[in-house]
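Contents: one structure, followed by commentary.
The values are calculated or read from the model by the stated rules, or taken from the named source; none is laboratory data. None of these values were measured; they are calculated from a predicted model. Cβ placement follows ideal geometry from the backbone for every residue including glycine, while neighbour counts extend to all protein chains displayed.
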Amino acid sequence: MLAASDRLARHSREPGNETLEEVRGFYAVPIGDMLMFAGFIWLGYRHRNHPATHKRLMLFATFALLDAGFDRWSVFDPYPLPLVNLMCFGPLVLATMAYDWWSSGKVQRVTIWSTVFLLTVQESRHFLGYTAAWQRMAAWVAAHMPPFH
């Protein structure tokens, strides 16, 4: 949270090529990633006595952290982040579903719900970041974040 908030504060003071609205809107991306990761880890911990469910939740927690890495690949530079997410995570969740089908003859419910949650959060956070409420909250965070040097 501190690293994402520090980045927001630094870029808000000196936006560079991006507008202030874009800088504040992007703040929703790392916050969404961290909340998804924490949610999957918490659910995985709660289901630690059910190995199949636990393993899939831990896998999706890892998927939640891959967003930053995928976005840094230069091959994806011409594409908007929501499309990059679909291009990168679509095959990963399809491979997980294929493994479920191969190993148990059906797609596990936890895989389906985790896929829905992951893709919904990834796609909706881009729209959330440009809402007036998010912009106000991000401006408040940027104004109150002490600078790290």
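Tabulated data
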read-out: Residues being surrounded by 15 or more Cβ atoms within 10 Å (Cβ to Cβ) and in contact (Cβ under 8 Å) with a residue 24 or more places away in the chain - total across the range 129-149; value: 8
read-out: Condition check for Thr62: touching a helix residue (DSSP H, G or I) at 6+ places or on another chain (Cβ under 7 Å) and among the hydroxyl-bearing types (Ser, Thr, Tyr); value: no
read-out: Test for Ala143: is it of a type in the set (A, V, I, L, M, F, W, C), at pLDDT 95 or above and part of a helix (DSSP H, G or I); value: no
read-out: Candidate set: the range 1-33, residues that are among the hydroxyl-bearing types (Ser, Thr, Tyr) and within 18 Å of the chain's Cα centre (by Cα); chosen: the one farthest from Thr131 (Cα to Cα); value: Ser5
read-out: All helices (runs of 4 or more DSSP H) inside the range 2-98 with 2 or more residues being farther than 20 Å from His144 by Cα and at pLDDT below 95; value: 28-46, 51-71
read-out: Search result, residues across the range 101-128 that are of a type in the set (D, E, K, R), without any contact (Cβ under 8 Å) to a residue 60 or more places away in the chain and either in a helix (DSSP H, G or I) or touching a helix residue (DSSP H, G or I) at 6+ places or on another chain (Cβ under 6 Å) (or both); value: Arg109, Glu123
read-out: Of residues in the range 74-100 being among the hydroxyl-bearing types (Ser, Thr, Tyr) and free of Cβ contacts under 8 Å to residues at least 12 places away in the same chain, the one farthest from Leu118 (Cα to Cα); value: Ser74
read-out: Where a residue in the range 39-65 is on the phi < 0 side of the Ramachandran plot and aliphatic (A, V, I, L, M) and its partner, wherever it lies, is modelled with pLDDT of 95 or more and not in a helix (DSSP H, G or I), with Cβ under 8 Å and at least six apart; value: Ala52/Gln108; Leu57/His47
read-out: Single condition Met1 does not satisfy, out of (1) surrounded by 18 or more Cβ atoms within 10 Å (Cβ to Cβ); (2) in contact (Cβ under 8 Å) with a residue 24 or more places away in the chain; value: (1)
